[in-house]
Amino acid sequence: MSNQTITRPELLSVEQAKSLDIQSITDLFCNYMNPGQLHFLKLLGFNKVKVESAEGMYYTDQNGRKILDFFGGFGSIACGHNHPRLLAMRKQFQDEKRHEIAIAFMSQYAAALSKNLAAIAPQDLDMVFLGSSGSEAVEAALKLAEKYQGPERARIAYAEHSFHGKTRGALSVTDSEFYQSSFRLLDNRVRIPFGDSEALEEALRNDSSIGVLILETVQGGAGIVGASACYWQEVRRLCDQYNVVWIADEVQCGVGRTGRFFAFEHAGVAPDIVTLAKSLGGGKTAMGAMIARRSIYMAAYGTPQTALIHGPATFGGMGEASCTSIEALNILYDEGLIENSAQQGAYLLERLQKVQARYPKIIKEVRGYGLMIGLEFRDFSNTLPLGLRTVVSVLDNKLKGSLCGFVGCLLLKEYDVLVAFTEYNRNVIRLEPPLIVTREQIDTFVDALDDLLSRGVTRIVTAFAKEVVGNK
């Protein structure tokens, strides 16, 4: 065995990967990743773009074209692309050959990041678990809450149209038959309406086994749907009354996205556990975190016998990742990005509402919080002349999301602007630009949208059809 020769497989180098052309990338994508997804990329024309670099608010493609990013990686790019302070910090970390994985030792970087998160979080939310994703943070939160409550109170209440992730536990409280598919999921769960405190109270009153409540403070996948401050205050009151652990999922809406660090701060309340990810990594690393009340964490994992039940993850709190998150949090406050989110978000909302007023037959509603905004289009039949509405209305469900796709495709193709879509309400374009966005960049986006909508639905559909034909 010791003399065995290992045959080297044909491996691509980093430089070879960098130099791949679009056709080569497409071939590799279909052969080794997700061939079904290519259908949607081609439909939107996104398959033609090879991103070469990114900086600030912009991607740069293979042709040197700058693309204004109003997608923001579903809220992952708070500091903008490749913030210079993050690049400098990571280079210094690497130059000094600091440690990445130190599971056998205590990490000064993970400890410092945890302290910073505790300093930002209100009340006694000060015990931190670090992971690599939002789903991992949600899994940690669900397990902690169940461990604290015990088997008699392990039932989890979750909301309609929720999205918490695609790992097994997170998927169990994600309200999607599509994502849940035929997987066998947790059976200790119950679905309730979102934003309805009376329905919540009825569920808690009638089922004493409910010991955990998980809610997105702003529902991203539902099309940027929030609830009133009164609702969140009732959630806090009811959870206290019925001894229920409230988990606030702020993976997407946290880290300054809504104009406060945590979205629940707008209501003047605090949950028992909160999850974060996405922008926590500064757009440069995968970082997720769960922050829990000390009393809950210590009751579940506070002894040597229980400490490792859900202990450190292999890659949770890696050195450079933790340093990146530490720097990202400091940038957030040093550069006033939370305030900018509130100010520019209000301006973006105001401008979009004026566009809605000009095209009421196309745009149904504009809503949002800070720089987390949903632009909801009407069903396709409602945008057509009266004589065609009845005929086309029978197809509305099948056509749902089509106008969003047409607009998103043409914004990229003709105006160099990237936007995102939503999982459940397919009629919604999701806008989550980096928190560094300026008034001028908002004007660029809104002017492009206004110009595109001024063509009318028929010309938009025609332009999209030509793009699809040209992409075959």
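The values are calculated or read from the model by the stated rules, or taken from the named source; none is laboratory data. The model shown is predicted, which means the values in this text are computed figures rather than measured ones. All Cβ positions, glycine included, derive from the backbone under ideal geometry; neighbour counts span all protein chains shown.
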Query raised in the report: Any idea which residue in segment 45-93 is surrounded by the most Cβ atoms within 10 Å (Cβ to Cβ), counting only those that are β-branched (Val, Ile, Thr) and touching a residue at least 24 places away in the same chain (Cβ under 8 Å)?
Result: ILE77
Query raised in the report: Going by the structure shown, is SER24 over 13 Å from LEU412 (Cβ atoms), among the polar types (S, T, N, Q) and in contact (Cβ under 8 Å) with a residue 60 or more places away in the chain?
Result: no
Query raised in the report: Going by the conditions given, is SER162 small (Gly, Ala, Ser) and surrounded by fewer than 18 Cβ atoms within 10 Å (Cβ to Cβ)?
Result: no
Query raised in the report: Do we find a residue being touching a residue at least 60 places away in the same chain (Cβ under 8 Å), acidic (Asp, Glu) and buried (at least 18 other Cβ atoms within 10 Å of the Cβ) anywhere in segment 222-244?
Result: no
Query - First in segment 277-294 and crowded, with 24+ Cβ neighbours inside 10 Å, second anywhere and part of a helix (DSSP H, G or I) and β-branched (Val, Ile, Thr), Cβ under 6 Å, 6 or more apart - result: GLY282/THR324
Query raised in the report: Of all the strands (runs of 3 or more DSSP E) wholly in segment 50-161, which have at least 2 residues that are assigned by TED's automatic domain parsing to the domain that holds LYS413?
Result: 51-55, 58-61, 66-69
Report task. Could you check, for segment 71-92, whether at least one of its residues is over 27 Å from the mean Cα position of the chain (by Cα) and over 25 Å from ILE331 (Cα atoms)? Result -> no
Query - Residue check, LEU453 over 30 Å from TYR179 (Cβ atoms) and not aromatic (Phe, Trp, Tyr) - result: yes
Query raised in the report: Would segment 300-322 turn up any residue that is buried (at least 17 other Cβ atoms within 10 Å of the Cβ), more than 29 Å from PHE93 (Cα to Cα), modelled with pLDDT of 95 or more and not basic (Lys, Arg)?
Result: yes
Report task. Being buried (at least 18 other Cβ atoms within 10 Å of the Cβ) and hydrophobic (A, V, I, L, M, F, W, C) is the filter here, so list the residues in segment 165-197 that pass it. Result -> ALA170, LEU171, VAL173, ILE192, PHE194
Query raised in the report: Can you spot a residue in segment 6-28 that is part of a loop (DSSP other than H, G, I, E, B), assigned by TED's automatic domain parsing to the domain that holds LEU435 and on the phi < 0 side of the Ramachandran plot?
Result: no
Report summary line: Within segment 85-142, residues being β-branched (Val, Ile, Thr) and modelled with pLDDT under 95 number 2
Query raised in the report: Of all residues in segment 257-273, which are farther than 20 Å from PHE163 by Cβ and buried (at least 24 other Cβ atoms within 10 Å of the Cβ)?
Result: ASP272
Requested in this report: Restrict the check to segment 180-197 and report whether at least one residue is small (Gly, Ala, Ser), modelled with pLDDT under 95 and either in the same structural domain as CYS230 (by TED's automatic domain parsing) or in a loop (DSSP other than H, G, I, E, B) (or both).
Outcome: yes
